[in-house]
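Accompanying notes for the structure given below.
Readers should treat all values here as calculations from the given coordinates under stated rules, not as data from a laboratory. Fair warning: this is a prediction, and the values are worked out from it, not measured in the lab. Neighbour counts are summed over all protein chains in view; Cβ atoms, including those assigned to glycine, are modelled from backbone coordinates with ideal geometry.
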Amino acid sequence: MNSGFFRWMLGFMALGSTLALTPAMLCAADVPPFDVAVNFQPDGTKGYNAAWLGYILARAHFVDEHHSLYPQAPGLIIPTFIEELSARTDSVKIYRELLAKDRTLDVPYFDELVRVDDNAFMSEYVWTFLHQPTWMTPPSNLRLGAFDSWRKVNLPDHHALTKGSLRFVPRKAG
C-alpha cells in the first residue's frame, strides 16, 4: 500500500460511514455492472479506525480489480480467501506505520495480528478464524497444524474482529 493512498485514506476517515466507490475511483480496467459501496463507521478510537479503514478499502480495491470472482448481483459481498488475506495483510502494514509514528498506540486486536504476521501465519489465521462457507478447500501450502499449536500458546483468548462491510449496489445513471 503506498503512502499517497494511506494519506488519502486518513483524510477520508472524517467523511462519514458509507461511500460508493465507482470504477473510475478505483481505476478498474474492466467495468463491473455494479458499484462497490463501503460501509465503515468510525468510532473515534486512535489507530483502530485507520487500520480498519485500510482493511475495508483494501477489500474494495481487490473486489474492483477482481469483480468477475463475485456473483454479479446487488447485495453483501462475501470475501474470498485471497481478498481477506490481502486486506488483513494491508491493515497490519497500516497499523505498523501508525506504531512507528506513535509508540503509545495500543490496539490489542492489531497487536495480535502483528504477532501473527511476524510468525508468518497470516494465511493460516485467515483460514482458521475468518473462514467463509464459500471457501471450499484450504490452499495446499497452509500449515494449519503448526498454526493451531502456535495459536493455543500465543492467542489463547483471541476473537477475530471485522469492522466495515462491502455491498454491490446498482450503478446510478450519469
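Shape analysis of region 99-174 based on the Cα gyration tensor places the equivalent ellipsoid semi-axes at 28, 22, 11 Å, largest first.
Along each principal axis, taking the top coordinate minus the bottom one, the Cα set of region 30-114 gives 44, 23, 19 Å in descending order.
Annotation: amide H-H contacts under 5 Å for D35 (H modelled 1.01 Å from N, sequence separation of 5 or more, or interchain): V169, R171.
Cβ crowding within 10 Å ranks S91, S68 as S68, S91, fewest other Cβ atoms first. Residues Y48, Y125, arranged from fewest to most other Cβ atoms within 10 angstrom of their Cβ, appear as Y48, Y125.
Here the Karplus curve 6.51 cos²θ - 1.76 cosθ + 1.60, taken at θ = phi - 60°, turns the phi angles of region 68-74 into couplings of 5, 7, 10, x, 8, 8, x Hz, with x standing for Gly and Pro. In order along region 91-98, phi translates into HN-Hα couplings of 5, 5, 4, 4, 4, 4, 4, 5 Hz, rounded to whole numbers, per the Karplus curve 6.51 cos²θ - 1.76 cosθ + 1.60 with θ = phi - 60° and x for Gly and Pro.
Between T104 and L69, what is the FRET efficiency for a Förster distance of 30 Å, r being their Cβ-Cβ separation, to the nearest 0.05? Result of the calculation: an efficiency of 0.15.
Modelled this way, with points 7 Å down the Cα-to-C-beta line, the labels at A160 and H131 are 0.9 nm from one another. For K152, K93, the sequence from fewest to most other C-beta atoms within 10 Å is K152, K93. Potential lengthening of the chain between N141 and A120 amounts to 6.3 nm, from the contour at 0.36 nm per residue minus the alpha-carbon distance.
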